[in-house]
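Colleague: Structure below; questions to follow.
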Amino acid sequence: MDKKILRKKILQKRAELSTENIVNYSNIIENKLYKMDYYKNAKTIMSFISFGDEIITHEIIKNSIKNGKSVVVPITIPETKELKVSKILDFSELEIGYYNILTPKKDFLRFIDFNTIDLVLVPGVVFARDGYRVGYGGGYYDRFLSKFKEKVNTIGLAFDLQIVEEVPKDSFDIPVDFIITEKETINCLEK
């Protein structure tokens with residue numbers, strides 16, 4: 001199945017989730033994340049800021065800051081289709097930005113060297129069990145992850161309905177190491 005069709009099909013299924021399910025499933029996923037060594041051992045975490053009917057990452061960001069972790073969030077640069085990362089010290093430093101996604105206010109931009117990141121929480125529309133994913137179509141994360149000097153730990157966060165056996169792959173696609181859903185934690189490194 002082609003990426004566009006797969007993306008549309010899964011986005012449609014995700015849009016049918018009730019707010020109650022999104023909140024409940026997000027809480028389960030969040031608690032599973034906190035128990036993982038990848039998370040526990042990470043000093044600097046990059047987290048996407050959820051929007052719409054995605055798994056909610058707002059509490060992950062707030063709790064990580066509260067627990068003394070350094071948290072950076074992505075800033076999309078549409079002209080160059082690249083991601084930059086900015087450290088946030090408090091959730092209130094965010095405002096609505098491109099694509100209606102929360103982003104740091106100009107006064108709170110603190111760009112950091114992305115090579116200091118220990119763990120990247122990766123968004124996606126569809127995830128395959130081998131860690132490959134279909135995103136929103138911009139290729140931002142694959143380009144970003146390919147720039148690291150050393151491999152960085154990655155965890156995809158998704159609802160179970162976003163998991164499929166296989167997705168179409170391109171040579172530049174970079175798989176995640178783990179995927180956490182409300183039903184299971186998938187170790188993609190063993191696939």
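Colleague: Given the chain, what percent of its DSSP beta bridges are antiparallel, to the nearest 5?
Modeller: 50
Colleague: What area, in nm² and to one decimal, does the C-alpha convex hull of region 1-72 cast on average over all directions? Could you put the intermediate results ahead of the total?
Modeller: Numbers: hull surface 23.2 nm².
Quarter of the Cα hull surface area: 5.8 nm².
Colleague: Evaluate 2.2 N^0.38 Å with N set to the residue count of the chain, then give the Cα radius of gyration divided by it. Provide the component values of the computation, followed by the final result.
Modeller: Working: Rg = 15.5 Å, N = 191, 2.2 N^0.38 = 16.2 Å.
Ratio of Cα Rg to 2.2 N^0.38 Å: 0.96.
Colleague: Still on this model: For the cross-link pairs Lys32/Lys69; Lys40/Lys147; Lys4/Lys183; Lys8/Lys151, which exceed 19 Å when the distance is taken from alpha carbon to alpha carbon? Could you put the intermediate results ahead of the total?
Modeller: Numbers: Lys32/Lys69 17 Å; Lys40/Lys147 24 Å; Lys4/Lys183 26 Å; Lys8/Lys151 31 Å.
Pairs exceeding 19 Å: Lys40/Lys147; Lys4/Lys183; Lys8/Lys151.
Colleague: Let me ask you something else. Take the alpha carbon gyration tensor of region 72-165, find the square roots of its eigenvalues, order them as a ≥ b ≥ c, and report rounded if a/c is under 1.5; if not, report prolate when a/b exceeds b/c, else oblate.
Modeller: Details: a/c = 1.80, a/b = 1.46, b/c = 1.23.
Prolate.
Colleague: What relative contact order, as a whole-number percentage, does region 3-184 give when Cα pairs under 8 Å and 6 or more residues apart are counted?
Modeller: 23
Colleague: If you plug each phi of region 135-151 into the Karplus form 6.51 cos²θ - 1.76 cosθ + 1.60 with θ = phi - 60°, what whole-Hz ³J(HN,Hα) values come out, in order, with x for Gly and Pro?
Modeller: x, 8, x, x, x, 4, 5, 4, 5, 5, 5, 6, 8, 5, 5, 10, 4
FYI, it's all coordinate maths here, none of it is from the lab. No experiment lies behind these values; they were computed from the predicted model shown.
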